[in-house]
Amino acid sequence: MRKTIIAGNWKMNKTNKEAVEMLTELKELVKGVDSVGIVIGAPFTALSDAVKAVEGSNVKIAAENVYPKDSGAYTGEVSPVMLKDLGVEYVILGHSERREYFKESDEFINEKVKAVLAHGMTPILCIGEKLEDREAGRTDEVNKTQIRGGFAGLTGEEAKKIVVAYEPVWAIGTGKTATPEIAQETHKAIRQELTEMFGEEVANEITIQYGGSMKPNNAKELLAQADIDGGLIGGASLKATDFYDIIKAAL
Ligand code: PGA
């Protein structure tokens, strides 16, 4: 059966020193936790030291982006080969901030998904509707398009390796969480779409995280829903104790 994964997304936060301090504290707190996957997404500059800081522990490190080529004339970009070489195991892809500020398309995100899989790392593919989509009754349509786009051209075996993070854009960093019922309903529709693409067996193995103002005080209710298999946590992943409280809610 699918795994519950609690992942942090630090975004553009933390110097190297701050990253190592947080991870050193976190790995002590989560010692012995084995029923939940624990991942921290750190900025590129902190990845090397982050991987070293959690070595031998149950905390895994994610990058927050990648360029879908192995090497070449792409000034300022970072390749999957470089991430793999550092010991990075997950890559957050298609976050709504990247879709919005950097104009990333489903097609480009799909190239990244394939590049990350090709190098034996796990994509965390973010999808989610904006407020105006939800208000216009387009939630399922938007998520379906992003799922179809992100998973395009993959086999069932490849699809199983992807973690989906459903993050309603209106809930990110706003303190507004989807109610557990609304989140569950949307997660179910996403799994239904995956079922149509890859069949029930594959769809049932795909971890679908919820993201958007998940906090220690609302995590338990969200994580109790049948189709919510973990969380992608921004603000509340910056402090080890807050993040650990969310992990405890998943145990
Ligand atoms: P938030 O961010 O928890 O601060 O709302 C979630 C995310 O953007 O991944």
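Between N13 and T241, what length comes free when the chain is fully extended (0.36 nm per residue of separation minus the Cα-Cα distance, one decimal in nm)?
Residue separation times 0.36 nm, minus the Cα-Cα distance, leaves 80.4 nm.
For the chain, what is the calculated [θ] at 222 nm in deg cm²/dmol (nearest 500), taking -39500 (n - 2.57) for each run of four or more DSSP H residues and dividing by its residue count? Please list the in-between numbers first.
Numbers: 12 runs with 111 residues, N = 251.
After summing the helix terms and dividing by the residues of the chain, the value is -12500 deg cm²/dmol.
Any idea of the accessible area per residue across the chain, 1.4 Å probe, to the nearest Å²?
45 Å²
What does the convex hull of the Cα atoms of the stretch 1-124 come to per residue, in Å³, rounded to a whole number?
114 Å³
Return the tail of the calculated pair distribution for the stretch 4-249, meaning the percent of Cα-Cα pairs more than 31 Å apart.
Details: 5066 of 30135 pairs.
That tail contains 17 percent of the Cα-Cα pairs.
Per 0.36 nm of contour for each residue apart, how much would the distance between D70 and Q225 grow if the chain were fully extended, relative to their Cα-Cα spacing?
The D70-Q225 span can extend by a further 51.9 nm.
Give the long-range amide H neighbours of Q209: residues separated by 5 or more places, or on another chain, with amide H under 5 Å away, using H modelled in the peptide plane at 1.01 Å from N.
Hits under the 5 Å cutoff: V164, A165, Y166, D229.
Using mean Cβ contacts within 10 Å as the protection proxy, how do 28-37, 185-194 order, highest first?
185-194, 28-37
The values are calculated or read from the model by the stated rules, or taken from the named source; none is laboratory data. The structure presented is a predicted model; accordingly, all values stated were derived computationally and were not measured. We place every Cβ from the backbone using ideal geometry, glycine too, and count neighbours over all the protein chains shown. Remember, those area values only see protein heavy atoms, side chains included, never the ligands or the DNA or RNA. Shrake-Rupley method; radii C 1.70, N 1.55, O 1.52, S 1.80 Å.
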